[in-house]
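Notes follow the structure.
The values are calculated or read from the model by the stated rules, or taken from the named source; none is laboratory data. Computed from a predicted structure; not experimentally measured. Every residue, glycine among them, receives a Cβ derived from its backbone with ideal geometry; neighbour counts consider all protein chains shown. The accessibility values were calculated without ligands, DNA or RNA, using every heavy atom of the protein model including side chains. Shrake-Rupley method; radii C 1.70, N 1.55, O 1.52, S 1.80 Å.
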Amino acid sequence: MKPFDDYVALAEQAHGHMCAGQILGLRMALYGMKLLGIDDPTGRDRKRLVTFVEIDRCATDAIPIVTGCRMGKRALKFRDFGKVAATFCDLKDDRAVRVVALETSKARAKALHPEIADKNQQQMCAYRELPDEDLFSRQWVKVTLGPEEFPGYKGERRTCAECGEGINFKREVVRDGRVLCKACAGERYYTPL
Ligand SMILES: [Zn+2]
Ligand SMILES: [Zn+2]
């Protein structure tokens, strides 16, 4: 692993600013790596990790800085549960640990650094210093990934019978014998104008 400040510099660059959420996300990912016993996630161990993140907030941006898991490599997966939580999966040993930021972490930060008035500064300091157990809970979990969810998997590409757009393997929906994309099957998040 790199020195903590190296991760902080990389996270600030990627995220656009430094904030308490970044520090918490870095700590969360480092804790996940420690629990899994992975010490070189962006080098020697780079092909053995998949990370699920559960919130679209600052902490999420910091996690791939440590794990090297990127969405474009199919190694970072987003499940919008609105929780400051992430699951780190070791594909090699088929183990996974879910790490959750404790709701009490803000109160802990306040108790540790009452002299710092600015909340963000207070939490940034405290989230560097507090032990993992004061910031996070953890649970060992089982994550089952289909072959199409693994990084590097190559499957056939289908074409939607409705809109004609290409779809990667296993994201298609078959309805009444027709191959449809998820949008045409009713999961559209946009309305064509
Ligand atoms: Zn932020
Ligand atoms: Zn379609």
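Listing for the model above:
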| quantity | calculated |
| --- | --- |
| Which of 96, 62, 164, positive extreme of dipole for the chain (C-beta unit charges) | 164 |
| Flagged links, alpha-carbon separation over 24 Å, of 73/142; 34/77; 34/154 | 34/154 |
| Estimated distance in nm for a label pair at residue 95 and residue 154, the labels positioned 7 Å out from Cα along Cα-to-Cβ | 3.3 |
| Within-12-Å neighbourhood charge of residue 19 [Cβ basis; K, R +1; D, E -1] | -1 |
| In degrees, nearest ten, helix 119-129 long axis to first principal axis of the chain (Cα) | 90 |
| Positive dipole terminus of segment 1-158, leading residue within 84, 123, 153 (C-beta point charges) | 153 |
| Residue-averaged 222 nm ellipticity for the chain, from DSSP H runs of 4+ at -39500 (n - 2.57), nearest 500 | -9500 deg cm²/dmol |
| Förster-model FRET efficiency, 25 Å R0, residue 79 and residue 115, C-beta, rounded to 0.05 | 0.05 |
| For peptides 75-87, 29-41, sequence by mean Cβ density within 10 Å, most packed first | 29-41, 75-87 |
| Cβ charges +1 (Lys, Arg) and -1 (Asp, Glu), total dipole of segment 29-128, debye | 240 |
| Rounded accessible area of residue 153 (nearest 10 Å², 1.4 Å probe) | 80 |
| Whichever aspartates and glutamates have a C-alpha closer than 12 Å to that of residue 182, once near sequence neighbours (fewer than 8 apart) are set aside | 162, 165, 172 |
| Rounded to 10°, Cα long-axis angle of helix 58-67 versus longest principal axis of the chain | 80 |
| Hydrodynamic radius of segment 1-146 per Kirkwood, over alpha carbon pairs, in Å | 15.2 |
| Added length on full extension, which subtracts the Cα-Cα distance from 0.36 nm per residue, residue 12 to residue 57 | 14.8 nm |
| In Å², nearest 10: area of residue 50 left accessible to a 1.4 Å probe | 0 |
| Charged-residue dipole, Cβ positions (Lys, Arg, Asp, Glu), the chain about Cα centre, Debye nearest 20 | 580 |
| For segment 98-154 and segment 37-54, distance of Cα centres in Å | 17 |
| Label-to-label distance, nm, for residues given as residue 47 and residue 165 (7 Å Cα→Cβ offset) | 3.2 |
